[in-house]
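The numbers here are math on the coordinates, done by the rules we state, and not lab data. No experiment lies behind these values; they were computed from the predicted model shown. Cβ: placed from backbone, ideal geometry, glycine included. Neighbour counts: every protein chain shown.
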Amino acid sequence: MRAGSETVQGLGMQDAVVSRSRALRGEMLDRLLSISDRNGLFSVTSRTLRLFLQSMMLGLGAWLAIQGQVTPGIMIAASILLGRALAPIEQAVMQWPSFQRTLAARRSLATLLAETPPEPDRTELPAPRALVEVQNLVVAPPGAKTAPVRGASLKLEPGQAAGIAGPSASGKSTLARALAGVWRPYGGSVRLDGAELEHYGDTLGRYVGYLPQEVVLFEGTVAQNIARFSPDASDEDVVDAAKRTGGHEMILGLQGGYDFQVSAGGAALSGGQRQRIAMARAFYGSPALVVMDEPDSNLDADGTMALARAVEGHKKRGGTVVIVAHRHGAFAQCDIVYLMENGRPVPATSGRSSAPVRQLQSGRRYRPGQPARQAVKKPAAGGKVAAPAEAAGSVRSVSREEQMAAAIARVTGSRGRAGERGPAVGAAANRDRPL
Ligand SMILES: Nc1ncnc2c1ncn2[C@@H]1O[C@H](COP(=O)(O)OP(=O)(O)O)[C@@H](O)[C@H]1O
Ligand SMILES: [Mg+2]
């Protein structure tokens, strides 16, 4: 509501919105009038009918009484009985709209319950290793007729991170939701340490952390939000999650620190602050897999670096991370970057449309599904990667980030890389450039 009013004021839409609202109100009044007309017609008809029947009854009774066939007492009794007998019918006519509403509500409840069958009792599985396998995954939003993710496959070993880039509406968030177990697959599978996500039942939240694209915080303290409102949360774990995701100092800067009261939706916090709290929430309790959907959309340079450090730390603990993002900076710690093409993640450093930069240099053919880490020699401390052919001294060395940037740029059609923002900003700005 508040966001809506800001948009209206900011864009000078007041007059248009007021006249639209007036038109809608006029239409509503017209309909109300016709409803009340119809209601009046029904109740007048039923009352007329009742009075007519009662008069007929009295008339007939009087005629029979004059004939001497019934006593006047019977005539009165019959008229009272008829009135009582007609009352429920009249009531039913009056209450018909609420009866219809009840029927409609029952129908929609039945549909909802049929769509979400009760969770069966599941055997509790042990804590999984962070081995993620996605096979021929098909995911569609609930109720949608088309599946934005069709036949996706990927595999992540413990200690690996994958980035997912791609144009808007290419199915990145849909894939992220399926990886986090929010949406069930229509086909194929997402397995964590060999078991499908739904086999973890209620315990899945312990093993998978999720940062949705639209961050939602709940009414409560920052600490409660980070601890996912778990009643037996330890303060130590909360602070640990915030420290690992670089949000500790930011939270201490809030009034009351970890006990800062978040209002519903987190309205009193900036977008970046909300995102960093939500990131700590995703990493809380060291889940095996952390899925983040555009975690850097509101982050400054510090925040983006904190994100990279959080991913690095998580990898070192043997966890896996999937990051959906538009900026190269978010992929700094990713072992492989995928691009969504026709509903499938295709490795960005390889694939049809994105001629593999690395392999163009090395002259080798692309092998599908090969993680960049294995294909490319591990980068040295300086972030430089030696292309295989470089060993023979024929190719200049290229940083892994540059390779990915070039490959992503080919697919998304963005032009120019270095120097796009002028020589003064150079490579650092390039790292945060939206695709
Ligand atoms: N809740 C939803 N209901 C219906 N359609 C949806 C829903 N969420 C996403 N979609 C559709 O799925 C497609 C992919 O969306 P999404 O995965 O959010 O794309 P991306 O994150 O790559 O921008 C879009 O065409 C979008 O309209
Ligand atoms: Mg999205």
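Points 7 angstrom from Cα along the Cβ direction at I89 and S43: gap in nanometres?
If labels sit at I89 and S43, their model points lie 2.0 nm apart.
If you average the C-alpha positions of segment 60-77 and of segment 303-342 separately, how far apart do those two centres end up, in angstrom?
Here the two parts' Cα centres lie 94 Å apart.
Order these peptides, 231-238, 206-213, by their mean beta-carbon neighbour count within 10 angstrom, highest first.
206-213, 231-238
Students often check this: by mean Cβ neighbours within 10 Å, which of 42-51, 335-344, 320-329, 245-254 ranks highest, and how do the rest follow?
320-329, 335-344, 245-254, 42-51
Output the relative contact order of segment 25-115, whole-number percent, from Cα pairs under 8 angstrom with separation of 6+ residues.
With pairs under 8 Å counted, the relative contact order is 26 percent.
Report the calculated FRET efficiency for W63 and R107 (r = Cβ-Cβ distance, R0 = 45 Å), to the nearest 0.05.
The formula returns an efficiency of 0.35 here.
What distance in nm separates the simple spin-label points at E124 and W96, each placed 7 Å from Cα in the Cβ direction?
So the two model labels end up 5.7 nm from each other.
Going by average Cβ neighbours within 10 Å, how do the peptides 81-90, 195-204, 161-170 rank, with the highest at the top?
In descending order of packing, they fall as 161-170, 195-204, 81-90.
If you place +1 on the Cβ of every Lys and Arg and -1 on the Cβ of every Asp and Glu, how big does the dipole about the Cα centre of segment 203-247 come out, in debye to the nearest 20?
The calculation lands at about 160 debye.
Can you grab the distance from the C-alpha centre of segment 224-238 to the C-alpha centre of segment 175-195, Å, no decimals?
Value for the Cα centre distance between the two parts: 26 Å.
Suppose we keep just the alpha-carbon trace of segment 174-289; what are its Rg and Dmax in angstrom?
Final numbers for Rg and Dmax: 14.9, 48 Å.
Expressed as cubic angstrom per residue, what is the convex hull volume of the alpha carbon set of segment 25-115?
106 Å³
Hey, with R₀ at 30 Å, roughly what FRET efficiency would D232 and H199 work out to, going by the Cβ-Cβ distance, to 0.05?
Taking R0 as 30 Å, the efficiency between D232 and H199 is 0.80.
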